[in-house]
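Some notes on the structure that comes next.
The values are calculated or read from the model by the stated rules, or taken from the named source; none is laboratory data. The structure presented is a predicted model; accordingly, all values stated were derived computationally and were not measured. Heads up, the Cβs are rebuilt from the backbone with ideal geometry, glycines too, and the neighbour counts pull from every protein chain shown. Heavy atoms of the whole protein, side chains included, go into the accessibility calculation; ligands, DNA and RNA do not. Shrake-Rupley method; radii C 1.70, N 1.55, O 1.52, S 1.80 Å.
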Amino acid sequence: MNNLDGVMVVGLTGQTGSGKTTTCKIFRENGFAVINADLVARDIMEPDTVCLKEVTEFFGNTILNDDGSLNRQKLADIVFNDSKKLEGLNSITYPHITSEILALIRKNSENGKKLILLDAPTLFESRADDFCEIIISVIADEDIRLKRIMNRDSLDENQARSRMNAQHTEKFFVDNSDFIIKNNNNIENLDDIVKEMSDKIKGYYNNKFKDME
């Protein structure tokens, strides 16, 4: 992915409502630097950014609030019910997101943080998987995810299902990942699984880069 000596980027993705945020927290507690692609996506869409101007040209001013900021709910209502418009949004935003993620990886590396977890719900769509050495996907049963999304985002069932249906299937994540975390159980179970996985990745990292120490 780049010429950064001793850096290992682990991509974390998966289904909405599967528990990626909690999984990231546990990885951070176990020594990983975390880059949150959702936060990057928000930053690049702040008022007066190049990306927001390009998105507004594509969708029109109706997606903006009176102060010029993005009305995220309006945009979500459009793209999660129209696959072509979602593709259009992604084609505009992904290059900006990828550029900023690479900058953050370099910044972490310069600060001595070499084990980096990239939390990216659209890891594959944005092609960010190209610079990940290991890919982990978090999945969960559909009914569990539906309840989590409705509670988390204050959505009705139709809105929640629209977001779920806009993503890849469970089979896709299973087929395209190095590790799978199935998060149907309680937080204690997830904590144990992630701790074990982070230890394995650290061992792999130390073995690979031991000659560079």
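For the listed residue pairs Lys147/Lys195; Lys85/Lys202; Lys20/Lys74; Lys74/Lys113, the alpha carbons are over 32 angstrom apart in Lys85/Lys202; Lys74/Lys113. The residues of region 90-213 expose, per residue, 56 Å² of accessible area to a 1.4 Å probe.
GNM remark for the chain: springs join alpha carbons under 10 Å apart, and the peak mean-square fluctuation among Asp192, Asp129, Asp141 falls on Asp192.
Placing one identical point scatterer on every Cα of region 1-138 and ignoring solvent, what is log10 I(q)/I(0) from the Debye formula at q = 0.15, 0.17 Å⁻¹? Log10 of I(q)/I(0), two decimals: -0.78, -0.95. Projecting the alpha carbon convex hull of region 70-123 along each direction and taking the average yields 4.6 nm².
Annotation for Thr22 and Met150: the two label points, set 7 Å from Cα along the Cα-Cβ direction, are 1.8 nm apart. Stokes-Einstein diffusion for region 55-213 at 37 °C, viscosity 0.692 mPa s, with a Kirkwood radius from C-alpha pairs, works out to 178 µm²/s.
By accessible area, using a 1.4 Å probe on protein heavy atoms only, the chain has 46% of its surface on carbon and sulfur. Look at the dipole of the chain built from charges on Cβ: of Pro47, Ser162, Ser18, the Cα furthest out on the positive end belongs to Ser18.
Scalar couplings 3J(HN,Hα) for region 13-25, obtained by applying the Karplus form with A = 6.51, B = -1.76, C = 1.60 to θ = phi - 60°, are 9, x, 6, 5, x, 8, x, 5, 4, 5, 4, 4, 4 Hz; x denotes Gly and Pro.
Shown in residue order for region 50-59 are the 3J(HN,Hα) couplings computed by the Karplus curve 6.51 cos²θ - 1.76 cosθ + 1.60 at θ = phi - 60°: 4, 4, 5, 4, 5, 5, 5, 4, 7, 9 Hz (x for Gly and Pro). Counting only DSSP H runs of at least 4 residues, each contributing -39500 (n - 2.57), and dividing by the residue count of the chain, the helix-based mean residue ellipticity at 222 nm comes to -16500 deg cm²/dmol.
Full extension of the chain between Asn61 and Val174 gives 36.8 nm of extra length, using 0.36 nm per residue less the Cα-Cα distance.
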